[in-house]
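Chemist: Here's a structure for you.
The values are calculated or read from the model by the stated rules, or taken from the named source; none is laboratory data. Keep in mind it's a predicted model, so treat the numbers as computed, not measured. FYI the Cβ positions are ideal-geometry reconstructions off the backbone, even for glycines, and counts take in every protein chain you see. Keep in mind that these areas ignore ligands, DNA and RNA; they rest on the heavy atoms of the full protein, side chains included. Shrake-Rupley method; radii C 1.70, N 1.55, O 1.52, S 1.80 Å.
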Amino acid sequence: MLRRDRRVLQKIEEDLTASDPDLVAAFDQVKRPASVQTWWAVLVVAEVTAILMIMVGLFSDRGLVFLGGVAAASALAWTHNTFRTKPADSADRSGSKP
């Protein structure tokens, strides 16, 4: 069943490419909304900050900074993975419908 579905989808894609190449080109150039790009930037900055907290906590012998960094890194890793696996329509955090 899976192979048949793939063949059907491939046939649809070939027909679409042949009938309207401009539409296919438009789909290839889709960018993420600015709010999604901002969200990714915030996650990356927060992850770098958590790693720095871990390093500072290790080298300055401050246990709370280290534990805070580990907790933050764990939460951010979970958030990062959860956000990446969500569908594209729920990725917009602004609350507005497309």
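Chemist: Residue by residue through the stretch 40-48, which ³J(HN,Hα) values in whole Hz follow from phi under the Karplus form 6.51 cos²θ - 1.76 cosθ + 1.60 (θ = phi - 60°), with glycine and proline marked x?
Modeler: Rounded to whole hertz, the list is 5, 5, 4, 4, 5, 5, 5, 5, 5.
Chemist: Considering amide H positions built from the backbone, and no H for Pro or chain starts, which residues 5 or more places from Arg62, or on another chain, come under 5 Å of its amide H?
Modeler: Distant-sequence amide H within range of Arg62: zero hits.
Chemist: Quickly work out the Gln37-to-Arg7 label distance, labels modelled 7 Å from Cα along the C-beta direction, and quote it in nm with one decimal.
Modeler: If labels sit at Arg7 and Gln37, their model points lie 4.2 nm apart.
Chemist: At a probe radius of 1.4 Å, what is the per-residue accessible area of Phe27, in Å² to the nearest 10?
Modeler: Surface open to solvent at Phe27 totals about 130 Å².
Chemist: Let me ask something else about it. Along the three principal axes, how long is the stretch 1-40 when you take its alpha carbons, biggest first, rounded to the nearest angstrom?
Modeler: 40, 27, 7
Chemist: Seen from all sides and averaged, what is the projected area of the convex hull of the Cα atoms in the stretch 1-76, in nm²?
Modeler: Approximately 8.7 nm², given one-decimal rounding.
Chemist: Would you work out what percent of the accessible area of the stretch 18-63, with all protein chains in place, is carbon or sulfur (probe 1.4 Å)?
Modeler: After summing per-atom areas, the C and S share lands at 67 percent.
Chemist: Counting only protein chains, not ligands or nucleic acids, how are Leu16, Leu43 ordered by accessible area (probe 1.4 Å), most first? Please report the intermediate quantities before stating the final value.
Modeler: On the way: Leu16 65, Leu43 5 Å².
Result of the area sort, largest leading: Leu16, Leu43.
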